[in-house]
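Report on one structure; see the data block that follows.
Computed from the coordinates by the stated procedures, all read-outs in this text should not be read as laboratory data. Quick caveat: nothing in here was measured; it's all calculated off a predicted structure. Positions of Cβ are generated from backbone atoms using ideal geometry, with glycine treated the same way; all protein chains shown enter the neighbour counts.
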Amino acid sequence: EFRRVLFRSQLTTLDQPIKYPTKGPAAVSSYLLTLEPGQETGWHKNRVPLYVQVMEGTLHVEYDAGVVKDYPAGSTFMEGQGIWHNSSNVTNDAVKALLVYFGAKGVKNTVERAS
């Protein structure tokens with residue numbers, strides 16, 4: 001077969017239904033996240049669906065709900081939506097992950113928590 005399913009889900013990693021933004025035309029954007037040992041993203045929440053594929057290392061994510069998850073290289077998941085979380089690298093090797101946001105024009109993909 002010329003293509004193989006890597007991931008398919010209707011739920012986020014926190015078992016929430018995936019909800020697409022309804023305001024504005026669709027806008028997809030992708031990023032390469034690189035976290036060096038000890039580095040973190042800071043507390044934030046996603047307003048739109050976010051697909052994550054961990055390519056190297058282990059991504060450590062702490063959620064406001066008291067849930068902590070580790071995603072090793074090769075993991076794919078839909079990140080939680082509308083819940084505060086902080087992603088970090090608690091290992092001695094770099095973490096690299098592909099992030100794909102399924103947003104809408106005029107809708108901010110993420111919101112950072114005020115300190």
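The table below lists the values:
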quantity	calculated
Value of relative contact order over the stretch 1-76, rounded to a whole percent, pairs C-alpha under 8 Å and six or more apart	24
Pairwise centroid distance, computed over Cα atoms, of the stretch 1-32 with the stretch 53-91, Å	16
Label-to-label distance, nm, for residues given as Lys108 and Ile18 (7 Å Cα→Cβ offset)	2.5
Flagged links, alpha-carbon separation over 23 Å, of Lys45/Lys69; Lys69/Lys108; Lys69/Lys105; Lys19/Lys108; Lys23/Lys108	Lys69/Lys108; Lys69/Lys105
DSSP beta bridge pairing in the chain, given as percent antiparallel to the nearest 5	100
Pair Leu33, Val100: separation of 7 Å Cα→Cβ label points (nm)	1.6
Rg/Rh ratio calculated on Cα atoms of the chain (Kirkwood radius)	0.96
Most mobile listed residue (Val48, Val28, Val61) in the chain, GNM with C-alpha springs under 10 Å	Val28
Exposed-site-free run, longest, the chain (rule: chymotrypsin sites (Phe, Trp or Tyr not before Pro); DSSP loop; at most 13 other C-beta within 10 Å)	8-115
